[in-house]
Amino acid sequence: MITLTIDGIEVTVKQGATILEAAEEAGVRIPTLCHDKRLIPFGACRLCVVELEGRAGRLIPACFNPARNGMVVHTHTPAVVEARKMQLQLILRHHPLDCPVCEAGGRCELQNLVHEYGLEELSFPREAPAFPVDLRSHFIKRDMNRCILCGCCVRICNEVQGVNEISFVKRGIRTEVGTDFGRPLDCEFCGQCVSACPVGALANKPLGPIARAWEVSRTTTTCAYCGLGCALLLETKDGRITQVSSSYELGPNEGNLCVKGRYGWTYVHSDKRLLRPLIREGERLVETTWETAIQHVVDRWKEIRQETGPQALAVLGSARLTNEEAYVLQRLARGVIGTPHVDHGGGLAYRALLEGVRPILGHAAATNGMREIREADVILAVRADFKQSHPVAKNQVVLAAGRRKAKVIVVDHVRTSLCDLSGARAMVVPPGTEGLVIRGMIRTILEEGWWDRPFVEARTEGIESLRQAVAPYDLAFVAERTGLDPEDLQASAKEFAQAAKACILMGLETLTLGDAVDLARAAACLALVTAKVGKPGCGLHLYAERANSQGALDMGLVPGLLPGYLSPEDPEARKRFEDVWRSSIPAAKGLDAKDILQGCREGGIRSLYIVGENPMGTYPDRRWVGEALSRVEFLVVQEIFPTETALMAHVVLPVANFAEKRGTFTSVDRRIQGIDAALVPPPGVRSDLEVFGALIQAMGWPYPHEGPDEILEEIGRLVPLYEGIRREDLPAGGLSWPLTRGEGGLQGTALLYEEDFPHGRARLELGPWEEKEPEGDPQEFPLILSPRALWFHNGTFSTWSPSLMEVCPSPRILLHEEDARTAGLKEGDRARVVTPRGVVEGEVRIQDRGPKGVVQVPYHFPDQPVNALVDWEGRPVRARVEGAA
């Protein structure tokens, strides 16, 4: 630590902090135009100049000069003020004075500084540029006449996004920011450049009402797409969202957003929303009142319970529900209806955490916070295409590779964007062999003596069993089966084992290969033998795809687990909840999603209540699912939109979206974060909690909760991991469970397993690698199908967003150039992907760096249902590609 004085205020900061950072710590404001906390200091605007005592007349930029011990800094001497005024005049010489019509009016840093420093006229003539305004790109307006060449947009696109879509072009006084050859933007459309622009050179195109900064109300909430928990700032006017942004101070995303978070909110105001309850009359769904709909549902449930018992009813929830909603839904199922049959995500999305990681480490969750990825020296990305599924987490890898020169090792059956990072090692393998590679790495580490013997002997059990389990998988065997170079395998094992900080990334999706549990176990064992658990910058980052994937697990929205991972077979665990709910809970484990649907097909399940889930669009084997839903006697669907599943229902209940309700989500790295209503639901639409409450009361049970805050407090009393939680205790960015309350109030646990494991020692348990033969004749179907995520979408839910569908309206079939040539296809052609189970169509995109023999197809589009092409076991599926008529 070092101590310095700034404007008479003594402040102590860490060595290496800049003068600007020290000033912020001291509460002293120094103006800037080119500084952004997300970026490396640049020093372009020269507005942050300060004067050091003893060096009169010599001004230095505060943004990239380090603070030194004993330094005395003055930030507002006459010389400093004069220098800033002159710099502002030089900027204004080339800047249009069109503030009344500029989109940045009211939030423009340049405008604010001109007002602050009282500039009324310039000392020299103006030379206004005359660039054409670019309106050709999706979402973003570019007006380079307003650009001040601060470089913020260029740097965030390079340093944080790793895209390099824009750069400085030309030289000297002709320098401008643009794309190569002046083409429109063709990038991730994350809008990060807009967020970094201090003026109006880059602006969001209007997706809602046009509003000035002083006309809007602002509400902080959490993104409802993927599970990263990015903080959002919703700006609203006259009951409609005008735009969405974020802020460095708000949450773990540090102001960074992807295209979905920044521009995907337009579904909130979609004219396709459900606005009235619907009841089936013959072949039609007709509008009805809430009272009639609720009473009809309850009457049928009571009738079925009386005739065949509560086990004839089942519930499928969603990882898009808040913690409070998931908690009350499983209470409705277990404590009111009396059924143990509760699940979500097809019973697939969470299995890697619940059945893979939890038996080994103790918790079904990631071990470290997302931002710790950037601290790693080695990053092993195993089937983790985070650019597509979790773009803001991808940014952490870009930061690690760019600033720490971290080694990125990719083990995947497709070539992801992480393979293109500087120094990355791409180990592209046949689908389903990623687990074989991890076993080969473990064996090599054990053989070479690179494992951490003290850690393993002190904190784990089963090392000899693990040694035997990986014995068959030497480098020669792994290389033969995967086509990898043995030297790459050995180098990867050595680098991971010997790194001071190394972490493992893995994406979890519903439509994935069926070895996710095994792959998660192998990854956990690799982390344990190298002691990469319980340390900052290390650990496992297993990220699911929905906004509350972690919370749905924590709240017991799965068969065989009550909230907090307590077993219903344990009488003490049941009593814990029964005493509060004042109802009995079934001790049986219950059916998972697949078995529930099988019960619908066979008649054992007579009524199915689906909340926020779209099995027809997201579960495997779409035809089989459709048959199951068509046979169930009484189907109730609670939804925002008329999904394929909702259109099959006997009763449809319309509910609010994330911008219209309050509650909490738990992110993939265990952070419990608040969401708040920025809007009022349309007339005729209720929140999920209101619907649950009405159903519970109509079933004859008390519902004592006034709102989500009271439910969260009940969770804090009953769920050990959330112990003591109250909404008012949650800071910006949330708290990571397990929670504890001490003298400083409620505290989170950002790092798991730092001292111990829940069951004493971690268990090194790993079975043999199982090779799954792909479905289909290789002669008829020479390729392997790989369902994939696209960064423009999230599940099928994002297809209800008009803005996202504008930029990505249909599947993009990704082919290696040799496979495309064999099929007689070229870039942009319409093509059919044919499999033994069905056909989908899309537009061809060609890549030249592999993998050959694999065709990648996005699974988001209901009109081209990729889920119809895969089975519940997750076997690889063979395919061929041909031109579409």
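The values are calculated or read from the model by the stated rules, or taken from the named source; none is laboratory data. Just so it is clear, the structure is predicted and the values come from calculations on it, not from any experiment. All Cβ positions, even for glycine, are placed from backbone atoms using ideal geometry, and neighbour counts span all protein chains on display. Side chains are part of the model used for accessible areas, which takes the heavy atoms of the whole protein and leaves out ligands, DNA and RNA. Shrake-Rupley method; radii C 1.70, N 1.55, O 1.52, S 1.80 Å.
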TODO: Please tell me the relative contact order of segment 166-236 in percent, rounded to the nearest whole number, where contacts are Cα pairs under 8 Å and at least six residues apart.
DONE: 16 percent
- [ ] Run through every distinct alpha carbon pair of segment 511-562 and return the Kirkwood hydrodynamic radius in angstroms, one decimal place.
- [x] 13.1 Å
Open item on the list: Below 15 angstrom from the Cβ of residue 777, what's the summed charge of the other residues (Lys, Arg +1; Asp, Glu -1)?
Closed with: +1
Open item on the list: Quick check for you: which residues of segment 101-134 have the amide N under 12 Å from the point 7 Å beyond the Cα of residue 212 toward its beta carbon?
Closed with: 101-107
- [ ] Heavy atoms only, probe 1.4 Å: what % of the accessible area of segment 438-589 goes to carbon and sulfur, would you let me know?
- [x] 47 percent
Task: Where segment 38-92 is the region considered: accessible area per residue in Å², 1.4 Å probe - done: 47 Å²
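Take the Cβ-Cβ distance between residue 289 and residue 578 as r, set R0 to 35 Å, and report the resulting FRET efficiency rounded to the nearest 0.05.
0.55
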Task: Length gained when the stretch residue 136-residue 690 is fully extended (0.36 nm per residue, less Cα-Cα span) - done: 195.0 nm
Task: segment 429-443 - phi-based ³J(HN,Hα) in whole Hz, Karplus 6.51/-1.76/1.60, Gly and Pro as x - done: 10, x, x, x, 9, 4, x, 5, 4, 5, 5, x, 5, 4, 4
- [ ] Between residue 29 and residue 567, with labels modelled 7 Å along Cα→Cβ, what's the label distance in nm to one decimal, could you check?
- [x] 6.0 nm
Task: Amide N proximity, segment 847-862 versus residue 826 label position 7 Å along Cα-to-Cβ, cut-off under 18 Å - done: 847-848
TODO: Measure nothing but the geometry: give the 0 to 90° angle between the long axis through the Cα atoms of 290-308 and the longest principal axis through the Cα atoms of the chain, rounded to 10°.
DONE: 40 degrees
Task: If the convex hull is drawn through the Cα atoms of segment 449-544, its volume per residue in Å³ - done: 119 Å³
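At 1.4 Å probe radius, can you tell me the per residue accessible area of segment 110-239 in Å²?
The answer is 47 Å² per residue.
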Task: Heavy-atom surface of segment 757-851, accessible at 1.4 Å and reported per residue (Å²) - done: 45 Å²
- [ ] Calculate the length of the line joining the C-alpha centroid of segment 845-885 to that of segment 320-347, in whole Å.
- [x] 33 Å
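With N set to the residue count of segment 662-808, report its C-alpha Rg divided by 2.2 N^0.38 Å to two decimal places.
Compared with the compact-globule rule of thumb, segment 662-808 sits at 1.55.
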- [ ] Note the angle between two axes, namely the Cα long axis of helix 486-498 and the longest principal axis of the Cα atoms of the chain, as a number of degrees from 0 to 90, rounded to the nearest 10.
- [x] 70 degrees
Open item on the list: Run the numbers for residue 458 and residue 15: contour at 0.36 nm per residue of separation, minus the present Cα-Cα distance, in nm.
Closed with: 155.9 nm
Open item on the list: Using a 7 Å offset from the Cα along the Cα-to-Cβ direction at both residue 477 and residue 76, what is the distance between the two label points in nm, to one decimal?
Closed with: 7.3 nm
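Let me check I've understood the local charge: for residue 402, count other residues with C-beta under 10 angstrom from its C-beta, Lys and Arg +1, Asp and Glu -1. What total comes out?
Numbers: positive: 374, 403, 404, 405; negative: 159.
Net of charged neighbours comes to +3.
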- [ ] Treat segment 1-151 as a sphere of radius equal to its Kirkwood radius over Cα pairs and apply Stokes-Einstein at 25 °C in a medium of 0.890 mPa s; give the translational diffusion coefficient in µm²/s, rounded to a whole number.
- [x] 145 µm²/s
Open item on the list: Beyond a 27 Å Cα-Cα separation, which of these cross-linked pairs lie in this structure: 37/387; 260/535; 394/852; 535/575; 302/589?
Closed with: 260/535; 535/575
TODO: Quick one: angle between helix 516-529 and the longest Cα principal axis of the chain, in degrees between 0 and 90, rounded to 10, please.
DONE: 60 degrees
Open item on the list: Sequence gap at least 6, Cα distance under 8 Å: using those rules, report the relative contact order of segment 738-868 to the nearest whole percent.
Closed with: 27 percent
Task: Computed FRET value (nearest 0.05) for residue 852 with residue 447, which takes r as the C-beta separation and R₀ as 22 Å - done: 0.10
TODO: Using a cut-off of 13 Å between beta-carbons, work out the net charge of the residues near residue 869 (Lys and Arg +1, Asp and Glu -1, residue 869 not included).
DONE: +4
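Largest first and in whole Å, give the semi-axes of the chain's equivalent ellipsoid, each being the square root of 5 times a Cα gyration tensor eigenvalue.
45, 33, 30
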Task: Packing rank of 664-670, 569-575, 186-192, where each peptide gets the mean count of other beta carbons within 10 Å, highest leading - done: 664-670, 186-192, 569-575
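Could you calculate the FRET efficiency of residue 37 with residue 498 from 1/(1 + (r/R0)^6), where r is the beta carbon distance between them and R0 is 41 Å, rounded to 0.05?
Efficiency at R0 = 41 Å is approximately 0.80.
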- [ ] Would you mind computing, in nm to one decimal, how far apart the modelled labels at residue 627 and residue 121 are, each placed 7 Å from Cα along Cα→Cβ?
- [x] 8.6 nm
Open item on the list: What does the extension gain come out to for residue 69 and residue 422, with contour length at 0.36 nm per residue minus their alpha carbon separation?
Closed with: 123.5 nm
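For the chain, what does -39500 (n - 2.57) per DSSP helix run (n ≥ 4), summed and divided by total residues, give at 222 nm, in deg cm²/dmol to the nearest 500?
Dividing the helical sum by the residues of the chain leaves -7500 deg cm²/dmol.
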